[in-house]
Ligand SMILES: Cc1cc2nc3c(=O)[nH]c(=O)nc-3n(C[C@H](O)[C@H](O)[C@H](O)COP(=O)(O)OP(=O)(O)OC[C@H]3O[C@@H](n4cnc5c(N)ncnc54)[C@H](O)[C@@H]3O)c2cc1C
């Protein structure tokens, strides 16, 4: 710790990333106040798939964008959906996103993600040892395809993740029916992946908030932040109701809403809402393992005695209403793949916004403004990478030194 280490912090955003950062600052003796405009896990930290899969936490833009990208514009039921509209911000983002769809750029981004991926699961164990009671669950993860040839890109991608330095045990499953009776005979090629875990994300983040609160943290959930500014040797945070909060440092962790507060502080990396949908359904036999259909881009997770089904990537604004057609598109794509479950008995239909950056890397570290930091832009992987992000950023805030794992994620890149 350096001798000007902060003693108080205002964290903006009570999602996985903000709360994990608050917890780690508390661990280092900092008094924290967390402000959220809507509630704990009110953003994308609620209805996501809850996968703690560092072995799949890879850059989103890859060379296959050149095949599925054009389809996204023409086919409203495609897993990636881009509404055709005149929106220069969106087209600017898409041009930059597509420019990262080369093998060379993917490899560079994967090399940047591998060190934080490698810390991800230990960071959950650290939270458990420090009083977070919500459990993480072991896999295996079941990966299913209708046609053998569809598995080739996925297996290839995992081999690249391994080449970058992670171990991702992947093997063919001879008798999938015994582990996952929910798979229909149409799913002819099945793999299992080891070494990964999953959580029930909403309850997990609520429990993390409880832990932060019990350690003395203050959480305000009707506090929309309108501006954050340096003030004296600290910061001043303004909320919609005219209140101000002062502290030594502040961290913006506002997910897909990050640009509104971060852009005036020099953070120019675009963050686009990549909206995903989920719902849960009952299954005849208990669903015990997560299931992934890579060719359909649908992820399923055991959740509260049911199976949560999540999917699609829709590039719209984070505050636009839920589009029922996207739920229908997920249903149409999984209907042939499942049996023994009632897809009509859906609960908790939900839309949430992944904070997607063009280069597939999160934005973690200092802004141009003294004592103001950002933590976000994790895209598809803010749940698994949230706790490791919180630990590394807290270390940077307390010591003034950027940990090696965070260097590629410089918010001012
Ligand atoms: C369908 C789907 C499936 C996913 N599956 C996985 C998965 O399996 N594993 C994984 O790792 N990730 C997954 N993700 C991605 C993951 O959900 C996100 O990366 C992660 O939740 C981002 O967390 P966050 O804390 O940065 O943002 P959020 O959880 O969105 O939190 C941001 C918070 O900031 C608040 N806020 C915004 N603006 C303001 C303001 N001005 N003032 C105060 N508060 C404000 C919001 O209310 C919100 O609570 C999935 C996402 C989706 C949509």
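The values are calculated or read from the model by the stated rules, or taken from the named source; none is laboratory data. What you are looking at is a predicted structure, and each value in this text was computed from that prediction instead of being measured. Glycine gets a Cβ as well: all are built from the backbone with ideal geometry, and neighbour counts include every protein chain shown.
Does residue 282 satisfy the condition of being over 18 Å from residue 38 (Cβ atoms), within 13 Å of the ligand (Cβ to nearest atom) and surrounded by fewer than 21 Cβ atoms within 10 Å (Cβ to Cβ)?
So residue 282 does not fit the description; no.
Can you work out which of the residues in segment 20-36 that are within 13 Å of the ligand (Cβ to nearest atom) and under 17 Å from residue 129 (Cβ atoms) is surrounded by the most Cβ atoms within 10 Å (Cβ to Cβ)?
20
Out of (1) in contact with a helix residue (DSSP H, G or I) (Cβ under 9 Å, 6 or more places away or on another chain); (2) more than 24 Å from residue 364 (Cβ to Cβ), the odd one out for residue 175 is which?
Result: residue 175 fails condition (1) only.
Name the residue that is nearest to residue 238 (Cα to Cα), counting only residues in segment 1-19 that are surrounded by 24 or more Cβ atoms within 10 Å (Cβ to Cβ) and more than 10 Å from the ligand (Cβ to nearest atom).
As a first pass, look at segment 1-19 and keep what is surrounded by 24 or more Cβ atoms within 10 Å (Cβ to Cβ): 9-19.
With the extra rule that they be more than 10 Å from the ligand (Cβ to nearest atom), the set shrinks to 9-10.
Working: 9: 14, 10: 11 Å.
The extreme case among them is 10.
Listed here are the residues, each with its yes/no results for (1) under 21 Å from residue 26 (Cβ atoms); (2) in a helix (DSSP H, G or I); (3) at pLDDT 95 or above; (4) out of contact with any strand residue (DSSP E or B) (no Cβ under 9 Å at 6 or more places or on another chain).
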{"position": "106", "(1), (2), (3), (4)": "no, yes, no, yes"}
{"position": "113", "(1), (2), (3), (4)": "no, yes, yes, yes"}
{"position": "119", "(1), (2), (3), (4)": "yes, yes, yes, yes"}
{"position": "124", "(1), (2), (3), (4)": "yes, yes, yes, no"}
{"position": "142", "(1), (2), (3), (4)": "no, no, yes, no"}
{"position": "157", "(1), (2), (3), (4)": "no, yes, no, yes"}
{"position": "161", "(1), (2), (3), (4)": "no, yes, yes, yes"}
{"position": "168", "(1), (2), (3), (4)": "no, no, yes, no"}
{"position": "205", "(1), (2), (3), (4)": "yes, yes, yes, yes"}
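Tell me whether segment 313-327 contains one or more residues that are more than 13 Å from the ligand (Cβ to nearest atom) and either in a strand (DSSP E or B) or out of contact with any strand residue (DSSP E or B) (no Cβ under 9 Å at 6 or more places or on another chain) (or both).
Checked against the condition, which is being more than 13 Å from the ligand (Cβ to nearest atom) and either in a strand (DSSP E or B) or out of contact with any strand residue (DSSP E or B) (no Cβ under 9 Å at 6 or more places or on another chain) (or both), segment 313-327 yields no hits at all.
Working only within segment 144-156, note down all residues that are buried (at least 17 other Cβ atoms within 10 Å of the Cβ) and under 17 Å from residue 63 (Cα atoms).
151, 154
Just checking, which of 255, 276 is within 26 Å of residue 153 (Cβ to Cβ), crowded, with 23+ Cβ neighbours inside 10 Å and within 10 Å of the ligand (Cβ to nearest atom)?
Values: 255 fails: within 26 Å of residue 153 (Cβ to Cβ).
Matching residue, one of 255, 276: 276.
Quick one: what pairs do we get from segment 133-151, first residue free of Cβ contacts under 8 Å to residues at least 40 places away in the same chain, second assigned to a strand (DSSP E or B), C-beta under 9 Å, 6+ apart or different chains?
Here the result reads 149/189, each pair linking segment 133-151 to a residue that is assigned to a strand (DSSP E or B).
Could you list all residues from segment 183-203 that are buried (at least 19 other Cβ atoms within 10 Å of the Cβ), farther than 23 Å from residue 43 by Cβ and either under 26 Å from the mean Cα position of the chain (by Cα) or modelled with pLDDT under 95 (or both)? Break it down into steps so the answer makes sense when it comes.
Step one: list which residues in segment 183-203 are buried (at least 19 other Cβ atoms within 10 Å of the Cβ), which gives 183, 187, 190-191, 193, 196-202.
Okay, now just the ones that are also farther than 23 Å from residue 43 by Cβ, so 183, 187, 190-191, 193, 196.
Within segment 183-203, 190, 191, 193, 196 meet the criteria.
Return the residues of segment 295-312 that are more than 12 Å from the ligand (Cβ to nearest atom), modelled with pLDDT under 95 and buried (at least 20 other Cβ atoms within 10 Å of the Cβ); say none if nothing qualifies. Let's see the steps before the verdict.
Taking segment 295-312 as the starting set, the residues that turn out to be more than 12 Å from the ligand (Cβ to nearest atom) are 295-296, 302, 304-307.
Now restrict to residues that are modelled with pLDDT under 95: 295-296.
Residue satisfying the conditions is 296 alone.
Taking the condition of being near the ligand (Cβ under 8 Å from one of its atoms) and closer than 24 Å to residue 125 by Cα, how many residues in segment 335-376 meet it?
2
Provide a single number: the residues in segment 258-273 that are within 11 Å of the ligand (Cβ to nearest atom), buried (at least 19 other Cβ atoms within 10 Å of the Cβ) and not in a strand (DSSP E or B).
Count: 5.
How about segment 79-94: which of its residues are more than 16 Å from residue 65 (Cα to Cα) and part of a loop (DSSP other than H, G, I, E, B)?
83, 84, 85, 86, 87
Using the structure shown, decide if residue 330 is within 12 Å of the ligand (Cβ to nearest atom), assigned to a helix (DSSP H, G or I) and either on the phi < 0 side of the Ramachandran plot or modelled with pLDDT of 95 or more (or both).
Details: within 12 Å of the ligand (Cβ to nearest atom): yes; assigned to a helix (DSSP H, G or I): yes; either on the phi < 0 side of the Ramachandran plot or modelled with pLDDT of 95 or more (or both): yes.
The answer is yes for residue 330.
Considering segment 37-55 alone, what residues qualify as being more than 6 Å from the ligand (Cβ to nearest atom), in contact with a strand residue (DSSP E or B) (Cβ under 8 Å, 6 or more places away or on another chain) and not in a strand (DSSP E or B)? Working first, answer last.
First pass over segment 37-55, keeping only residues more than 6 Å from the ligand (Cβ to nearest atom): 39-41, 46-47, 52-55.
If we keep only those that are in contact with a strand residue (DSSP E or B) (Cβ under 8 Å, 6 or more places away or on another chain) as well, we get 40, 46-47, 52-53, 55.
Hits for segment 37-55 are 40, 46, 47, 53, 55.
Of all residues in segment 13-36, count the ones that are part of a loop (DSSP other than H, G, I, E, B) and touching a strand residue (DSSP E or B) at 6+ places or on another chain (Cβ under 8 Å).
Going residue by residue through segment 13-36, those that are part of a loop (DSSP other than H, G, I, E, B) are 13-15, 28-30, 36.
Checking which are touching a strand residue (DSSP E or B) at 6+ places or on another chain (Cβ under 8 Å) leaves us with 13-14, 30, 36.
Qualifying residue count for the region: 4.
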